[in-house]
1. Is there a pair in LYS291/LYS369; LYS14/LYS173; LYS132/LYS167 whose C-alpha atoms are over 31 Å apart, and which pairs would that be?
2. Quick one: work out Rg over Rh on the C-alpha atoms of region 294-382, Rh as Kirkwood radius.
3. Counting other C-beta atoms within 10 Å, and keeping those with at most 16, which DSSP coil trypsin sites (Lys or Arg not before Pro) do you find in region 187-222?
4. Per DSSP helix of 4 or more residues, -39500 (n - 2.57); summed, then divided by the residues of the chain. What does that give at 222 nm, rounded to the nearest 500?
5. Go through region 1-75 and name the GluC sites (Glu not before Pro) that are in a DSSP coil and have 12 or fewer other Cβ atoms within 10 Å of their Cβ.
6. What is region 146-290's relative contact order, in percent, from Cα pairs under 8 angstrom and six or more apart in sequence?
7. Hey, fewest Cβ within 10 Å first, where do LEU13, LEU270 land in order?
8. Would you mind telling me which residue in ASN215, ASN257, ASN352 has the biggest mean-square fluctuation in a Gaussian network model of the chain, where springs connect alpha carbons within a distance under 10 angstrom?
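What follows draws every value from the coordinates through simple rules; no lab data is involved. What you see is a predicted model; the values in this text were computed from it and never measured. Neighbour counts run over all protein chains shown; Cβ positions are idealised from the backbone, glycine included.
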Amino acid sequence: MKILAVNAGSSSLKFQMYEMPEEKVLISGVFERIGIDNSFYTIKLNGEKIRKDVELSNHSVAVGFLTKELLENNIVDSLDEIKGVGHRVVQGADKFDRTVIVDENVEKMISDLSCLAPLHNPAALVGIKAFKEFMPNATHTAVFDTAFHQTMPEVAYMYALPYEWYKDYSVRKYGAHGTSHKYVSLRAREILGKDDSKIIVCHLGNGGSISAVVNGKCIDTSMGFTPNAGVIMGTRCGDIDASIIPYIMNVTGMNANDIDTAINKKSGLLGISGISSDSRDIEINAENGNKRCILAQEMFSRRVVEYIAKYYVLMGGADAICFTAGIGENSISTRKSIIDKLGVLGIKLDENANNIRGEEKLITTSDSKIPCYVIPTNEEVMIARDTYNLAMEEKNV
Ligand code: ADP
């Protein structure tokens with residue numbers, strides 16, 4: 001069965017087509033700069049990457065090119081062969097604790113939740129509409145970034161703010177990257193060969209979050225009401241003293257939008273280093289002795305360690321610590337800097353094993369009290385699995 005996994009942003013559209021249940025990737029690609037000038041798309045097929053510069057005035061046009069590629073490359077003979085399309089949706093709040101089939105009511109609920117994800121949810125809806133137009137007979141599903149975190153108990157998701165803010169304005173922790181945390185923790189349980197497990201997942205990319213997963217259920221995560229909580233990220237500050245915000249507004253005259261931009265786009269690794277949000281640039285400049293890049297690196301790994309320590313205590317131990325996403329999978333020095341700070345827990349890095357990028361690997365010594373793994377994330381396959389299961393269910397009804 002052919003299933004498409006789709007991730008629509010405001011100006012981009014990523015896709016991966018699977019043959020399910022074999023989980024074989026048939027074609028993948030990304031449309032960029034949709035609705036902006038110089039738009040283009042790249043597709044990966046048979047190990048080859050092809051780029052095409054085309055005008056992409058909106059998402060519908062992009063899906064049009066996508067369907068053309070699918071047909072011309074004989075991935076499908078007819079679009080009706082595509083039985084399911086899974087759409088990544090950032091914010092499902094407490095309304096969705098799992099993947100669902102998108103009907104009119106679900107579309108409305110995703111739209112209503114846009115107030116909690118003003119950039120992301122509307123983009124997902126645009127994607128859903130565009131694909132429904134071309135593939136009206138397929139089962140369309142919404143896979144929520146927040147769903148995996150819905151098992152968090154109240155004591156983890158509440159903020160110590162006026163209770164009415166929760167009741168009247170839905171202010172609570174929702175988390176994000178849930179699909180990645182779910183995939184990596186599932187994979188870790190497979191590697192460990194046991195279901196009753198305590199796993200810490202460190203998803204460290206441009207955005208970063210850490211989660212504590214007990215017996216397959218998330219009990220806490222570092223992102224909060226929005227993705228700007230927890231660890232230090234490329235351009236986001238993560239946890240800060242909330243009173244800094246009114247203070248800076250008072251002394252500078254900045255308004256809420258200016259502050260939002262500063263804490264989301266100008267902080268994190270970029271804010272501290274003054275050079276870049278990209279951990280590779282930070283690494284190179286730190287090696288060359290740049291003090292602010294060295295500080296950024298140290299702050300980054302220290303904050304990750306703080307969360308690992310917190311979750312270790314909350315879970316009463318840990319069976320595995322996993323690293324994933326751009327930095328977690330590829331930055332040898334960041335992993336070393338984090339793991340070296342965990343010696344008190346009896347964790348010992350295997351420097352040779354750690355010398356890898358982007359592959360699944362145990363990176364601690366055999367006498368390390370807790371094994372640490374690199375596990376490349378795969379959100380797309382999770383989207384495809386859920387969509388395949390729902391498409392099968394719908395077909396049988
Ligand atoms: P996003 O959150 O945008 O999906 P990614 O998961 O792609 O982000 O991660 C991007 C981050 O991964 C960047 O900071 C980048 O520098 C880092 N990264 C990617 N490759 C490497 C590498 N080889 N070494 C160090 N860092 C890397």
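1. Details: LYS291/LYS369 34 Å; LYS14/LYS173 27 Å; LYS132/LYS167 35 Å.
Flagged as over cut-off: LYS291/LYS369; LYS132/LYS167.
2. Working: Rg = 12.7 Å, Rh = 13.3 Å.
Rounded to two decimals, Rg over Rh is 0.95.
3. On the way: sites: ARG187, ARG189, LYS194, LYS198, LYS217; in loops: LYS194.
Sites meeting the loop and neighbour criteria: LYS194.
4. Numbers: 14 runs with 156 residues, N = 397.
About -12000 deg cm²/dmol.
5. Working: sites: GLU19, GLU22, GLU23, GLU32, GLU48, GLU55, GLU69, GLU72; in loops: GLU22, GLU23, GLU55.
Filter output for region 1-75: GLU22, GLU55.
6. Details: 232 pairs, mean separation 26.7, N = 145.
That works out to 18 percent.
7. Working: LEU13 25, LEU270 20.
Starting with the residue having the fewest Cβ neighbours, the order is LEU270, LEU13.
8. Maximum among the listed residues: ASN257.
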